[in-house]
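*Asks:* One structure is given below, represented as structure tokens, and several questions about it will come after.
The values are calculated or read from the model by the stated rules, or taken from the named source; none is laboratory data. All figures in this text were calculated on a predicted structure; none of them were measured in a lab. Cβ coordinates were reconstructed from backbone atoms using ideal geometry, including for glycine residues, and neighbour counts include every protein chain displayed. Side chains are part of the model used for accessible areas, which takes the heavy atoms of the whole protein and leaves out ligands, DNA and RNA. Shrake-Rupley method; radii C 1.70, N 1.55, O 1.52, S 1.80 Å.
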Amino acid sequence: MTDDGRLTATEAAVLAYEGRTWPGPGAKERAIREGLGMAPVRYYQLLNALMDDPRALAHAPSTVNRLRRIREAQRARR
């Protein structure tokens, strides 16, 4: 989080990546490594934290709401 309460550049980039469509298996993970310079595991840890962050919801409401719906559907299936 930045001092003014906005998302960091990395947090905003994670949400932007999640809003994209990917051409095939492995493309997203490769882009995460090369474009963001982080391991996919770290990416998904950050993404999961962002799904509950009100700043992320304000920044990318459609992406965050879509991710929350997917998460809830997965929890309901368990």
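*Asks:* Residue 78 - would you say it is free of Cβ contacts under 8 Å to residues at least 12 places away in the same chain, open to solvent by 80 Å² or more (accessible area, probe 1.4 Å) and over 12 Å from the mean Cα position of the chain (by Cα)?
*Replies:* Yes.
*Asks:* Ok, one more. Which of the residues belonging to the range 54-72 are within 17 Å of residue 21 (Cα to Cα) and open to solvent by less than 30 Å² (accessible area, probe 1.4 Å)?
*Replies:* The answer is 60, 63, 64, 67.
*Asks:* For the range 1-55, which residues satisfy the criterion of being small (Gly, Ala, Ser) and in contact (Cβ under 8 Å) with a residue 40 or more places away in the chain?
*Replies:* Of everything in the range 1-55, those that are small (Gly, Ala, Ser) and in contact (Cβ under 8 Å) with a residue 40 or more places away in the chain turn out to be 5, 12, 16, 19.
*Asks:* Would you mention how many residues in the range 1-41 are closer than 17 Å to residue 60 by Cβ and charged (D, E, K, R)?
*Replies:* Of the residues in that region, 5 qualify.
*Asks:* Select from the range 1-53 the residues that are among the hydrophobic types (A, V, I, L, M, F, W, C), surrounded by 13 or more Cβ atoms within 10 Å (Cβ to Cβ) and over 19 Å from residue 69 (Cα atoms) and list them in ascending order.
*Replies:* 7, 12, 13, 31, 32, 36, 38 - these are the residues of the range 1-53 that are among the hydrophobic types (A, V, I, L, M, F, W, C), surrounded by 13 or more Cβ atoms within 10 Å (Cβ to Cβ) and over 19 Å from residue 69 (Cα atoms).
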